[in-house]
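For reference, the structure discussed in these notes is given below.
The values are calculated or read from the model by the stated rules, or taken from the named source; none is laboratory data. These numbers come from a predicted model, not from an experiment. Glycine also receives a Cβ, built like all others from the backbone with ideal geometry; neighbour counts cover every protein chain displayed. We work out accessible area using only protein heavy atoms, side chains counted, and drop any ligands, DNA or RNA first. Shrake-Rupley method; radii C 1.70, N 1.55, O 1.52, S 1.80 Å.
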Number of protein chains: 2
Amino acid sequence: MNNRETPCCGVARFLILMDGPWATLIIRELLHGPLRFTELKNKLDGISAHTLTHRLKQFEANGLVTRTAYAETPPRVVYELTTLGENLRDVLEAMGKWGEAVPDQLIQRNKL
Amino acid sequence: MNNRETPCCGVARFLILMDGPWATLIIRELLHGPLRFTELKNKLDGISAHTLTHRLKQFEANGLVTRTAYAETPPRVVYELTTLGENLRDVLEAMGKWGEAVPDQLIQRNKL
DNA sequence: CCGTATCCAGAGTGATACTG
DNA sequence: CAGTATCACTCTGGATACGG
């Protein structure tokens, strides 16, 4: 699926950047506005600091999120979507709309 | 992220059903119309029979795809989207639209 | 508060070879 | 043609403990 010159379609490009189950969930939270590390961690029930750090760094490297650290004590770090990240809103909304129309039983059968 | 009574938002529900990098790509191919196993495998460059079988079975179990086997020699099996699967079109289109707007350099830096 | 370091488990996937 | 079986690898992600 990878290892080709340049991904043909936009769908594949989306998938490369939004890799893993947490990626989309993190973006969703940030669509409501900038958040601090701990706020993000609290909202994303079940995510580990390890994973959150990893995903946030990847997003930052890919230009979807900006990281702003304030030299205070205690430190304060705020994550915010870039324009590129903001543009994911349409995709997330389409996902959400579809997901809400899915019968509950289907979700139940798959690990949750 | 999982192990809660019932997923709160539609986004999470989408992610549960569309798990793994190939899931979305398979659906995208089927949006163009029904396809046979081998046709699907050829269009999805790099996918193994193993993986394709797995994903297809999962889709079938979740009611996103129907599987029709014709008792012929050689056998012919056709996969087709259900209405639920068809409804993913909007989501895929949003993804594609976003992905096409992503600068090439970002894609290059991540394994491809 | 905001991470990082390390170790480890599990899922998804690929390669290969084989079957009805 | 349409899978299945087996093995092994990679990568995400959790747990825990520690550092700035």
**OP:** List the residues whose amide H sits under 5 Å from the amide H of A:R76, counting only those 5 or more places along or on another chain, with H placed 1.01 Å from N in the peptide plane.
**Re:** A:Y70
Original post:
How high is the relative contact order of chain B, given as a whole-number percent (alpha carbon pairs under 8 Å, six or more residues apart)?
Top reply: 24 percent
**OP:** Name the nearest-to-axis residue of chain B, judged by Cβ distance to the rotation axis taking chain B onto chain A, and quote that distance in whole Å.
**Re:** B:A94, 2
**OP:** Would you kindly derive the ³J(HN,Hα) couplings of the range B:28-45 from the backbone phi angles with the Karplus curve 6.51 cos²θ - 1.76 cosθ + 1.60 (θ = phi - 60°), listing them in order in whole Hz, with x for Gly and Pro?
**Re:** 4, 5, 6, 5, 7, x, x, 9, 8, 3, 5, 4, 4, 4, 5, 6, 8, 4
Original post:
At what distance in nm do the modelled label points of B:R76 and B:D19 sit from each other, each positioned 7 Å from its Cα along Cα→Cβ?
Top reply: 3.4 nm
**OP:** Might you work out the accessible area of A:E29 for me, using a 1.4 Å probe with all protein chains in place, and round it to the nearest 10 Å²?
**Re:** 20 Å²
Subject >> Set of aspartates and glutamates near B:K57 by C-alpha distance (under 15 Å), chain-local residues within fewer than 8 positions excluded >> reply: B:D19, B:E80
**OP:** Taking the dipole about the Cα centre of the range B:20-101, with the C-beta of Lys and Arg at +1 and of Asp and Glu at -1, give me whichever of B:T68, B:T82, B:T51 is farthest to the positive side.
**Re:** B:T51
Original post:
In the range A:51-78, which residues become less accessible by 40 Å² or more once every protein chain is in place, relative to the chain on its own, using a 1.4 Å probe?
Top reply: A:N62
**OP:** Provide the solvent-accessible area of B:T73, counting protein heavy atoms only and rolling a 1.4 Å probe, rounded to the nearest 10 Å².
**Re:** 140 Å²
**OP:** Run the accessible area of chain B with a 1.4 Å probe and give the carbon-and-sulfur part as a rounded percent.
**Re:** 50 percent
**OP:** With r as the distance between the Cβ atoms of A:N42 and A:R89 and R0 = 30 Å, compute the FRET efficiency 1/(1 + (r/R0)^6) and round to 0.05.
**Re:** 0.85
**OP:** Please report, in cubic angstrom per residue, the volume enclosed by the convex hull of the alpha-carbon atoms of the range A:20-101.
**Re:** 97 Å³
**OP:** Could you run the numbers on buried accessible area between B and A, total for both chains, 1.4 angstrom probe, in Å² to the nearest 100?
**Re:** 4500 Å²
**OP:** Enter the accessible area per residue of the protein assembly as shown (Å², integer; probe 1.4 Å; all protein chains in place).
**Re:** 52 Å²
Original post:
Leaving out ligands, DNA and RNA but keeping every protein chain, what accessible area does B:R89 have, in Å² rounded to the nearest 10, with a 1.4 Å probe?
Top reply: 80 Å²
Subject >> Pair B:T66, A:H50: separation of 7 Å Cα→Cβ label points (nm) >> reply: 4.5 nm
**OP:** Would you mind checking which residues have amide H under 5 Å from B:T66's amide H? H placed 1.01 Å from N; only 5 or more apart, or other chain.
**Re:** B:E80, B:L81, B:T82
